[in-house]
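For reference, the structure is listed below as structure tokens.
The values are calculated or read from the model by the stated rules, or taken from the named source; none is laboratory data. Model, not experiment: these values are computed from the prediction. Cβ placement follows ideal geometry from the backbone for every residue including glycine, while neighbour counts extend to all protein chains displayed. Keep in mind that these areas ignore ligands, DNA and RNA; they rest on the heavy atoms of the full protein, side chains included. Shrake-Rupley method; radii C 1.70, N 1.55, O 1.52, S 1.80 Å.
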Amino acid sequence: MAKSSHILAFLPLEGVVQPLDTEWAVQSGSVLRRVDRGSMPRPTVPPVVAFVTSAIAFMAVMAAAGAPSALLVVYQQHWHFPDSELTVAFAIYAFALLLALLVIGSLSDRIGRRPVLIAALALQAVAMAVFLFAPDIGVIIVARALQGFATGAATSAFSAYIAEVAPAAQKKVAALVVSIASVAGLGIGVVLTGVAIQFAAAPAAVVFGAALAIIVIAIVVTAASPETVGKRQGIGDALVSRIGVPSAARTAFARTAPGMIGIWMSAGLVLGLGASIVHQALHITSGAALGLVVAAQPLAAAVSALVLGPLMPPRRFMLAGYAAVLAGVSLEACSFAAGLASLIICGAIITGLGFGAVFSSTLGLLVPLTRAQERAKLFSAVYVVAYLAYGIPTIVAGFLSDAIGLVPAAIIYAAATLAITAAGLIVSLTRTGSMSRDALSGVRQEARAHDVRASTSSPD
């Protein structure tokens, strides 16, 4: 669907009849490029519809990814597997997602957004079907791996497409949607799953059946959406890793990496271990209450980026975010030790506010340092760092839990998170710029010109 990682758009040309053997797409250096199709033209939905539906589809994919965070506890009660297998089932998603980013993270830059998204959504549908009929934890782990790979394939393509297909006047909104869609989707998925656990006789069937239906609808709408990538490569040339950090953004990326690791570790602490801790240590058995506790952090992160971000200068917002993560994780650790549910809820909310501030500010810092044609590989690099931090510590904590107990393992995890986040705060106090003002201005002007061309072009 579009060219690189984040920011373009399309407006329909009323009354224009396209030849039967051509399609129109964006090409750098010119407004439109004619691409041979050799078939009847494919009707497309209006770009604004594509923008809205792709944002909803992205959030639905992330909601489905968040659903097992609550359901794994239910599976554990029924199938009696150890904490280590529970955390493997949680973290295999992150590693499969990383594999997808490494192999095809920037594939949509070269063969188009739409084919990548359709394939990724189809694989998501397969994963939902496997979840529906899983008889044991081994099959759940397989389903999580499929889900992780599909999400990784879709993440950078969705990130690019949502921003690219957005109307020109909504570019800032589109960038904000991209930054909050993942965490908001996770939170929504956990909340709805908790409600299903509380009130449905077969919660897994309700959750994954609904997710499957939404994903099938998303495939249909995506197939009818405009493409935003112009010149395309063959699949053989495209399957070459393009993950990396553009030279202009390397210093800023290196300085923000410790903080990014810290905040994503904080996300793994709640989403990976939170449900088990809430159930075993805090003795909360209500599915709805469990879902709300686990979802508090990602939902607070979305609110932070959406509501608080526009009210504060980016650098101050980032620093405030670090402070909030440190305070929130400290409260969570205290709740684990004291067995107080109120502390974990407060800690999760405060941590989430900090996560949203740091992550959205980090993206806001890195994207302007990146040329339009380099965005997808940058976002892939960002998510590689994020999901390594999200997955590895959770698996380690799971095996540690089998040896010393869940609460001590969670406290050690929280202490490690605090140490790395504090390091991120210290590093962030230095300047994060990595290029001259004139060079940065040139990059921004080029990116803006690229987006304007896309915003005034015809869909295919």
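Sorting 250-263, 347-360 by their mean Cβ neighbour count within 10 Å, with the most densely packed peptide first, gives 347-360, 250-263.
Extending 7 Å from the Cα toward the beta-carbon at both Ile404 and His283 defines two label points whose distance is 2.5 nm.
Computed from label points 7 Å out along Cα-Cβ, the spacing between Leu132 and Val49 is 2.6 nm. Rolled with a 1.4 Å probe across the full set of protein chains, the surface gives Lys171 an accessible area near 30 Å².
Simple spin-label estimate for Val103 and Arg250 gives 2.9 nm between the two label positions (7 Å along the Cα-to-Cβ direction from each Cα).
If you roll a 1.4 Å probe over the heavy atoms of the protein chains, what accessible area per residue do you get for the range 33-143, in Å²? The partial results should precede the final answer.
Working: 3950 Å² over 111 residues.
Normalised by residue count, the accessible surface of the range 33-143 is 36 Å².
Each residue of the range 158-171 is assigned a 3J(HN,Hα), and the resulting list reads 5, 4, 5, 5, 4, 6, 6, 8, 5, x, 4, 6, 10, 4 Hz, derived from the Karplus form 6.51 cos²θ - 1.76 cosθ + 1.60 (θ = phi - 60°), x at Gly and Pro.
Kindly rank 198-207, 143-152 from highest to lowest mean number of other beta carbons found within 10 Å of each residue. Walk me through the numbers before you get to the answer.
Numbers: 198-207: 15.7, 143-152: 24.9.
Listed from highest to lowest mean packing, they are 143-152, 198-207.
Counting Cα-Cα pairs of the range 107-170 in 5 Å increments starting at 0 gives whole-percent bin shares of 4, 19, 23, 17, 14, 10, 7, 4, 2, 1. Shown here are the Rg and Dmax of the Cα trace of the range 44-157, at 15.2, 50 Å.
Based on the mean of other Cβ atoms within 10 Å per residue, sort peptides 179-189, 313-323 so the most packed one is first.
On the way: 179-189: 25.5, 313-323: 18.3.
Put in order of decreasing packing, that is 179-189, 313-323.
Amide H contacts for Thr228 (H built 1.01 Å from N in the peptide plane; partners 5 or more residues away or on another chain; cut-off under 5 Å): Ala2, Arg113, Arg114. Evaluated on the range 240-331, the Kirkwood hydrodynamic radius is 15.5 Å, with distances taken between all distinct Cα atoms. Cβ-Cβ distance of Val139 and Ala415, R₀ of 35 Å, FRET efficiency by 1/(1 + (r/R0)^6): the value works out to about 0.50.
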